[in-house]
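J.: Can you read through this structure? Questions will come right after.
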């Protein structure tokens with residue numbers, strides 16, 4: 001029953017990000033920027049062919065292969081973790097990591113580029129140039145939760 005809840009949340013989150021990416025792809029021009037109701041937050045369409053900050057953008061084969069390997073590692077860890085009792089925070093974290101990884105992996109394999117769409121308006125150019133997507137947010141929050149869960153679990157095991 002609990003596994004069904006995690007799987008459902010995973011699918012919903014991945015589909016939300018993938019749906020927004022499709023909307024952005026269909027309705028925005030390249031590098032178009034639109035204001036949102038949240039001050040300082042903008043939507044824009046940016047194609048990212050590399051990892052974060054376009055790292056290795058000129059090596060698409062390496063990007064795809066390492067993304068598939070990372071997703072396989074995440075899947076193996078998910079299988080191990082979800083067979084364990086408790087560790088709820090770790091499971092939520094990995095559900096977020098998995099949703100983000102699947103959404104970005106889909107983009108890398110099918111579209112050959114990840115669509116980023118969340119930007120911040122700032123007086124600092126480096127900050128204004130950053131663009132992400134919900135999958136990136138899922139990955140970041142999920143990694144923090146998973147790390148915190150792991151540290152708490154190790155601390156508990158020492159006692």
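The numbers here are math on the coordinates, done by the rules we state, and not lab data. None of the values given here were measured: they were computed from a predicted structure. As a convention, Cβ positions derive from the backbone with ideal geometry for all residues, glycine included, and neighbour counts pool all protein chains shown.
J.: Work out the FRET efficiency for residue 75 and residue 22 from their Cβ-Cβ distance, taking R0 = 25 Å, and round it to the nearest 0.05.
T.: So the FRET efficiency works out to roughly 0.55.
J.: With labels modelled as points extended 7 Å from the Cα through the Cβ direction, what inter-label distance (nm, one decimal) is found for residue 122 paired with residue 148?
T.: My value for the distance between the label points is 2.2 nm.
J.: State, as an integer percentage, the relative contact order of the chain based on alpha-carbon contacts under 8 Å between residues 6 or more apart.
T.: Relative contact order for the chain comes out at 28 percent.
J.: Next question, about the same structure. With axes computed from alpha carbons, what is the tilt in degrees of helix 88-106 against the longest principal axis of the chain, rounded to the nearest 10 within 0 to 90?
T.: 40 degrees
J.: Treating the angle as unsigned and between 0 and 90°, give the value, to the nearest 10°, between the Cα long axis of helix 134-158 and the longest Cα principal axis of the chain.
T.: It is inclined by approximately 20 degrees.
J.: Taking the Cα atoms only, what angle lies between the long axis of helix 2-27 and the longest principal axis of the chain, rounded to 10 degrees?
T.: For helix 2-27, the angle is close to 10 degrees.
J.: OK, next. Simple spin-label model, 7 Å along Cα-to-Cβ: residue 8 to residue 57 in nm?
T.: Here the answer is 4.1 nm between the modelled labels.
J.: Could you rank the peptides 100-112, 28-40 by their average count of other C-beta atoms within 10 Å per residue, with the highest value first?
T.: 100-112, 28-40
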